[in-house]
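Here is the structure we will look at.
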2 protein chains.
Amino acid sequence: MSDSIVNTSALSRQERRLRLRGPGIDEWLLGRLPLGGVPIEIRLWNGAARCFSPDPPIGSLWIADRRTLLGLLFNTEMAFGEAYREGRARVDGDLVGLLESVFRARNPLAVRAWHRLRPVGALRRRGNTPLRSRLNVHHHYDLGNAFYRLWLDREMVYTCAYFPSPDDELETAQLAKMELVCHKLGLRPGDRVVEAGCGWGALARHMAREHGAVVRAFNISHEQITYARDQAAREDLTERVEFIEDDYRNISGTYDHFVSVGMLEHVGQEHLSALGEVIHRTLPPDGRGLLHFIGRNRPRPLDAWIRKRIFPGGYPPALDEVLHEILEPWDFSVLDVENLRLHYALTLEHWRRRFDRHETTIQAMYDDSFVRTWRLYLASAEAAFRSGWMQLFQIVFARGRSNGIPWRRTVEK
Amino acid sequence: MSDSIVNTSALSRQERRLRLRGPGIDEWLLGRLPLGGVPIEIRLWNGAARCFSPDPPIGSLWIADRRTLLGLLFNTEMAFGEAYREGRARVDGDLVGLLESVFRARNPLAVRAWHRLRPVGALRRRGNTPLRSRLNVHHHYDLGNAFYRLWLDREMVYTCAYFPSPDDELETAQLAKMELVCHKLGLRPGDRVVEAGCGWGALARHMAREHGAVVRAFNISHEQITYARDQAAREDLTERVEFIEDDYRNISGTYDHFVSVGMLEHVGQEHLSALGEVIHRTLPPDGRGLLHFIGRNRPRPLDAWIRKRIFPGGYPPALDEVLHEILEPWDFSVLDVENLRLHYALTLEHWRRRFDRHETTIQAMYDDSFVRTWRLYLASAEAAFRSGWMQLFQIVFARGRSNGIPWRRTVEK
């Protein structure tokens, strides 16, 4: 001890400051990480290590420096995402399992207080105006079709699949999902359908090809619309499917069915009611609609890092927000709700495995930090659905007065 | 004209006042009734008559006096109910069809403004405290089991049935409903179930008898609980079913399943969150719950007359109120919602037909105004479900983190 005092006095001011915050401090900080009960080992740059549960760790997180450690303490989500992306945090072991454990260790009810502290207004300010929506969508969906083709299914469906059996292939499950949607809508030959947010157009083409529907599909991603149109031409479907590069707010006309699969989470909390207005002016008295979206059990902003790096402007709404903002103002009747979150976890597992198989190619197309960013996004989304932190809802609805509704449920073919 | 002036001058003051409000005024008032487009004929005591639609009338409403006519203009729901009950308003023709037309002629969106005018606080004041709940329930459910036995099914189920086919008998449909509930809960032998509001105990006994469940069922209707216990003893089920005469707020213990069929509409808007707390403390991590209740597309108070004469303290909540007040605060996940309103319309049709067959008996048990009151209640409820004015929701839910949820839907046996 006295030895160390003697040595210290001989150090420069800078060195002394570092020593004061030395290994002891770092280990103390390490112990402050909110990971109690999570079967994780954390290893620091200086060799210090700590486990947070008596159970054998699922994996190990290596932290490169003190800045990263401090970030994790004060702004966990963002700091972890950025550090992982930049290689200052590295996970050895089961990334999804580890993230799922972290999500499960959170108290979902604590979010309430947290939500009160940050007024909703702060979220609302980032309004998804038509222009901002276009930029947001461009950020994610215009990364290049070649990239998505590497790990999506053959039909390029970038939304939750539906696995009749967990052992089914992704291709089977995406087809089954499209059939499930058609079945729930009660789609018949000649029915007019409008689709808000159509991705690469798989569902629109499926409805036209397999069910004889006449579809107008809207999307503001230029790359996706171009692909969708080419594909429709190749399949000789241009008479029955029209792909329109425009915002959902500009949908006009009336249709037997309104369908939106995986767009609601991009609409934003403050524009949900605008979507409700669009549906209201679009759906005739006996029309039927379906909304398929990533949602929540309770309102809560999207993870800040995911919002920054993956889905700017994204907001997975709570089920009651969707009812309150979109369906209730126009007296729509909810006919059916199904929660498919475990199917989304499995879909993401398929995507992540395919993504991993093409790691070298993707690295060459972009760079290392892109690969890490996307791996973390895919893994954390899978963990979020597996831990119940996120939900996948399909809502079927009709006009309040319409009796043109199914008498009872039947199972899709 | 001059002749009438001469005559008038010879009348007493009282007579003159009557004459001034005479037939011309009554017909003018008649024309002010908000029935535009409804295929109804209205006939007044003085022989005046009017149709409100070019279509042939579904039925005819006879109005006995000016007081009734004025009431219909200024306080339609209450005045019509009271006049019908007292015989001052009489309907010839299809009562249900007529009421359905009236409901369909209303603008459901106009309710919003109406709702704003009457602060929710006014509704909240009629709080369903445990004591008031007991009085409210006594008012309706303790009318005498003999009365309900006349027109309910064999098992005495007084909630929406589930008709696998619209031609099925009521007895079949009530059994199918109980099976549907057990199926949605995934009930297995030995499972512990708590039921909040158990009526005459049919579901609780069904779960024990057909599925080997162990059930504790709560109800504050003395007549119903007595019947339920007798019936359980007769069926030798007392080891597995316990009927408890107590308020849902006093439920204790934990159970694999929480089920409530047809009680939520008696809980009241201001106590929904209390029910949520009960469910939260009752359901273990892998528990599953089901709420079956009369609901709305949008919040709106129960018809004032129904509240006065049939269901004091009743409030059929909008779906999003149930999510927001009961499930969301505790991070429950909605797994499944089904809207069975057409099944309730058919159930009510069965009840009404049976009721009508026993009219003379019921008249002898009570009196004429009781018969008219109940006929109007059964008919208007049927019309409300048929016109989309009311909904019947079944919600299945689980803890947000539980993965013990069905992989996919299957159809009940």
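Things worth noting here:
- Near pairs, Cβ below 6 angstrom, 6+ apart or cross-chain, from the range B:153-173 (surrounded by fewer than 21 Cβ atoms within 10 Å (Cβ to Cβ)) to any residue that is among the acidic types (Asp, Glu) and in a loop (DSSP other than H, G, I, E, B): B:Glu171/B:Asp153
- Filtered by the rule that a residue be more than 7 Å from chain B (Cβ to nearest Cβ) and without any contact (Cβ under 8 Å) to a residue 12 or more places away in the chain, the range A:305-332 gives a lone residue, A:Arg307.
- Subset of the range A:243-259 (residues that are assigned to a strand (DSSP E or B) and either out of contact with any Gly (no Cβ under 8 Å at 6 or more places or on another chain) or surrounded by fewer than 24 Cβ atoms within 10 Å (Cβ to Cβ) (or both)): A:Ile244, A:Glu245
- The lone criterion from (1) touching a Cys at 6+ places or on another chain (Cβ under 7 Å); (2) under 25 Å from B:Leu99 (Cα atoms) left unmet by B:Trp305 is number (1).
- Qualifying residue in the range B:364-377 (condition: crowded, with 20+ Cβ neighbours inside 10 Å, of a type in the set (Ser, Thr, Tyr) and more than 14 Å from chain A (Cβ to nearest Cβ)): yes
- The set of residues in the range B:83-108 that are in a helix (DSSP H, G or I), out of contact with any strand residue (DSSP E or B) (no Cβ under 8 Å at 6 or more places or on another chain) and surrounded by fewer than 19 Cβ atoms within 10 Å (Cβ to Cβ) comprises B:Glu86, B:Arg104, B:Ala105.
- B:Glu171 being part of a helix (DSSP H, G or I), over 19 Å from B:Arg354 (Cβ atoms) and either within 13 Å of chain A (Cβ to nearest Cβ) or at pLDDT 95 or above (or both): no
A quick yes/no check of all residues on (1) at pLDDT 95 or above; (2) under 20 Å from the mean Cα position of the chain (by Cα); (3) buried (at least 19 other Cβ atoms within 10 Å of the Cβ):
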residue: B:Val215; (1), (2), (3): yes, no, yes
residue: B:Thr226; (1), (2), (3): yes, no, no
residue: B:Val261; (1), (2), (3): yes, yes, yes
residue: B:Ala274; (1), (2), (3): yes, no, no
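- Per-region count, the range B:387-406, residues facing chain A (nearest Cβ under 7 Å) and either under 25 Å from A:Ile405 (Cα atoms) or in a strand (DSSP E or B) (or both): 3
- A single entry from A:Leu29, A:Leu35 fulfils the requirement of being more than 14 Å from chain B (Cβ to nearest Cβ), at pLDDT below 95 and within 21 Å of A:Ala384 (Cβ to Cβ): A:Leu35.
- Qualifying residue in the range A:283-299 (condition: over 30 Å from B:Leu342 (Cα atoms) and either touching a Phe, Trp or Tyr at 6+ places or on another chain (Cβ under 8 Å) or in contact (Cβ under 8 Å) with a residue 12 or more places away in the chain (or both)): yes
- Of all residues in the range B:333-350, none are at positive phi, acidic (Asp, Glu) and at the interface with chain A (Cβ under 8 Å from one of its Cβ atoms).
- In the set A:Arg281, A:Arg240, A:Arg234, only one residue is surrounded by 16 or more Cβ atoms within 10 Å (Cβ to Cβ), in the same structural domain as A:Gln394 (by TED's automatic domain parsing) and among the basic types (Lys, Arg); that residue is A:Arg240.
The values are calculated or read from the model by the stated rules, or taken from the named source; none is laboratory data. Owing to the predicted nature of the structure, the values given are computational and were not obtained by experimental measurement. For neighbour counting, all protein chains shown are included, and Cβ atoms are generated from backbone atoms with ideal geometry for every residue, glycine included.
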